Amino acid sequence: MPVEHHGALFVNKQILRRAAERLLPKAFAWRPKWYFLFGSHEERALRMMYGILRRNRGELIEQAVAGSLTTNGPLEPDGFRALAAEVGRDPAGHDVGLLTSFVNMGLLADMADRQVRFPAPGRLPVESVPLPEWARASYSCPPSTG
């Protein structure tokens, strides 16, 4: 996708919303983004999230600890591992969101320490392809229905 179209197609998931409005009522295609895990099955979603964090012997948790240690971050290893275990004992998973936030901080610290580099805009390994007619239309978002 040419760089000049990235904002119009990717910001606020425009490309997905345009595709979805062909299949769904506009109210669904253009509704605001929201967490997927709230509702009647919230506990299941939280348990799933916790399971992802603990998978592979807690690999994500350990990577977060390592990132925090190498960057002098806020996560104290034993205390953080204890928090992760405590969160796992709550069947409702009330603090999974908090744990996820801490893991994200540690993972970002790990990425920063390893100096993960992303390609500069315009240097991505992609090809330009002709845009179909529908893509040449205006990229404005329909007005909110409330």
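The values are calculated or read from the model by the stated rules, or taken from the named source; none is laboratory data. The structure presented is a predicted model; accordingly, all values stated were derived computationally and were not measured. Please note: Cβ atoms are built from the backbone with ideal geometry, for glycine as well, and neighbour counts cover all protein chains shown.
Data overview
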item: Qualifying position, being under 19 Å from residue 98 (Cβ atoms) and of a type in the set (A, V, I, L, M), among 69, 9, 23, 53; result: 53
item: Cβ-Cβ under 6 Å pairs, at least 6 apart or on other chains, the stretch 83-96 side outside the structural domain of residue 48 (by TED's automatic domain parsing), far side loosely packed, with under 11 Cβ neighbours inside 10 Å and assigned to a loop (DSSP other than H, G, I, E, B); result: none
item: Residue selected from the stretch 5-43 under the condition surrounded by fewer than 11 Cβ atoms within 10 Å (Cβ to Cβ) and of a type in the set (D, E, K, R), by the criterion modelled with the highest pLDDT; result: 22
